[in-house]
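Taking it in order: structure first as structure tokens, then the write-up.
The values are calculated or read from the model by the stated rules, or taken from the named source; none is laboratory data. These numbers come from a predicted model, not from an experiment. Cβ placement follows ideal geometry from the backbone for every residue including glycine, while neighbour counts extend to all protein chains displayed. Just the protein is used for accessible areas: all its heavy atoms, side chains included, with ligands, DNA and RNA removed. Shrake-Rupley method; radii C 1.70, N 1.55, O 1.52, S 1.80 Å.
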Amino acid sequence: MTGAVSTPRIVIAGLAGDSGKSIVSMALLRALRGAGIEVRAFKKGPDYIDAAWLSWASANPARNLDSWLMGFDGAVRSFAIHTTPIGFNLVEGNRGLFDGVDTTGTHSTAELAKAIQAPVLLVLNVTKMTRTAAAVVMGCKHLDPDLRIAGVILNHVSGKRHEMIVREAIEISCGIPVVGVIPKLRSDALPQRHLGLITPEDHPCIAELHSILDQVASQLDLTLIKQIAADVSPLPAHAVRRVQKAGNANSLPGEGEAVRVRVAIIRDAAFSFYYEENIEALRQAGAEIAIVSALTARALPKDIDAVYIGGGFPEVHAAELEANESFRDSLAEAAARDLPIYAECGGLMLLSRSIQWHGKRHAMAGVLSFDIETDSTPQGHGYVEMVVDTVNPYYVVGTTLRGHEFHYSRIAPQSELPNSACQIRRGTGADARRDGMITKNVWASYTHLHALATPEWATGIINLAREHRVREVQKKTLSGF
């Protein structure tokens, strides 16, 4: 590929969390899709739930762009690879526009917008505010002159007079157009629970949400928004070069023909926190993927070489998981016979002895000899950096792992703990600033990793899966089958 690629794009940002970014993003994506425009969506930061809603609204997998985890080059490259060059690409920001990991706003939505050279639409809550709204927008404009704030969307507008005053104040004082005006909406349009928004799988009434999003879309100037998104510099050619897949990734050392490696991913309403890049990395490294539900499957598939259990809401579905005893038993049996099992956060909870939720204790798989308690406040929230300091099946000692955590649960005090592989440098982890619980070929951590930030993640799982396949082939050969 030579030259540069024009890619229409825009960033939806706010002054803080809960500013209305998600509603605006989903409404815009659905409206553009309805007009026959191909759309792609991205979420800034390590957020699974917003990304799931963006996937739902765009009808395409939404990607996370996180410069702290993958570096700015990695984030820009991921964006360039997954954009549509002829349609519309939307990035939903996180927190406030300039909120990063330090006082200078490093790794903020603003910094990401500049890295991908995208204009910003600022969603502004104007409750009980008129001309002051112009001062807020002006402050954002002048705090970083290199950032292009190309439009403002007014949220929580109380009426036509309110709209007129705020619109004129912003457009006259700031020279930035108002491209949308959203009235006060029902507060339960997107219900929330302890980890944030409810997931699409658990939303009580999608039909009502459709109606609300259509109402929001009708208040957006789609023509002007499309013009703003198209008025961008081309992405450089080097950013859009795709990585060529390796040839025969399934071949085992010394084998002339491909040998299948199959990884089961536990994915359902209880376990829905997965980066698409992680699943793709497993495929690219040589895995066939089998999606399995811990809620409905009676057991793990028999012909698998590894299991990956992501995060989610096992506590909300604890009664259903407890009722599916045969599946929990199959997990315990698989771990006992050294099947590689990689579990993150919710997966760690599933592998525990039990989960306490709303005062009731529910039995889990019992692979790990501790119990889980849930709390009303976060027990770990934010970025994690940890160093591998103990020999384990997945990572080389000395490896630094960057990830994130967000959990309201914790390992119950006085629990019997297995060995752990990592010392936490930043974050909370599982226990006493440790994470990466290991027993046989099981890894369980509260830390979520992203495959683009940690290439060793997929390599470790696939290497163990191949070793398992070799053992199984050898067993069959020795038994005469």
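Numbers for the structure displayed
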| read-out | value |
| --- | --- |
| Cα convex hull volume per residue for the chain (Å³) | 161 |
| Cα-based helix-to-principal-axis angle, 456-479 vs the chain, degrees rounded to 10 | 30 |
| Angle between the chain longest axis and helix 160-174 axis [Cα atoms, degrees, rounded to 10] | 90 |
| Partner aspartates and glutamates for LYS475 [C-alpha distance under 20 Å; skip if fewer than 8 residues away on the same chain] | GLU255, GLU257, ASP303, ASP305, GLU333, ASP338, GLU467 |
| Estimated distance in nm for a label pair at GLU416 and VAL391, the labels positioned 7 Å out from Cα along Cα-to-Cβ | 2.4 |
| Segment SER326-ASP231, length gained on full extension (0.36 nm per residue, minus Cα span) | 28.5 nm |
| Backbone N under 16 Å from the THR104 label point (7 Å along Cα→Cβ), restricted to segment 49-68 | 68 |
| In segment 256-340, chymotrypsin sites (Phe, Trp or Tyr not before Pro) in a DSSP loop with at most 15 other beta-carbon atoms within 10 Å | none |
| Distant alpha-carbon pairs in segment 67-115 (separation over 14 angstrom), percent | 53 |
| Between helix 49-58 and the chain: long-axis angle, C-alpha atoms, 0 to 90°, nearest 10 | 70 |
| Length gained when the stretch GLU456-ILE37 is fully extended (0.36 nm per residue, less Cα-Cα span) | 147.1 nm |
| Column: log10 I(q)/I(0), Debye, Cα scatterers of segment 312-426, q = 0.12, 0.13 Å⁻¹ | -0.46, -0.54 |
| Estimated inter-spin distance, ILE206 and LYS302, nm [label 7 Å along Cα→Cβ] | 3.5 |
| Extended-chain gain in nm, criterion 0.36 nm per residue less alpha-carbon gap, GLU333 and THR223 | 33.8 nm |
| Highest-first arrangement of 66-72, 173-179, where packing means the average Cβ count within 10 Å | 66-72, 173-179 |
| Segment 1-143 - convex hull of the alpha-carbon atoms, volume per residue in Å³ | 123 |
| Mean ellipticity per residue at 222 nm, deg cm²/dmol - from DSSP H runs of n ≥ 4 across the chain, formula -39500 (n - 2.57) | -9500 deg cm²/dmol |
| Hz values of 3J(HN,Hα) by residue in segment 329-344 - Karplus curve (6.51, -1.76, 1.60), Gly and Pro given as x | 5, 5, 5, 4, 5, 5, 5, 5, 9, 6, 5, x, 10, 10, 10, 10 |
| Residues of the chain: accessible area per residue with a 1.4 Å probe, Å² | 41 |
| Cα-only Debye scattering, segment 353-481: base-10 log of I(q)/I(0) at q = 0.13 Å⁻¹ | -0.62 |
| Whole-angstrom Cα spans of segment 269-356 along principal axes, big to small | 37, 26, 19 |
| Projected label distance in nm at LEU143 and ILE81, using a 7 Å step from Cα toward the beta-carbon | 3.2 |
| The chain, relative contact order [Cα under 8 Å, separation at least 6], % | 12 |
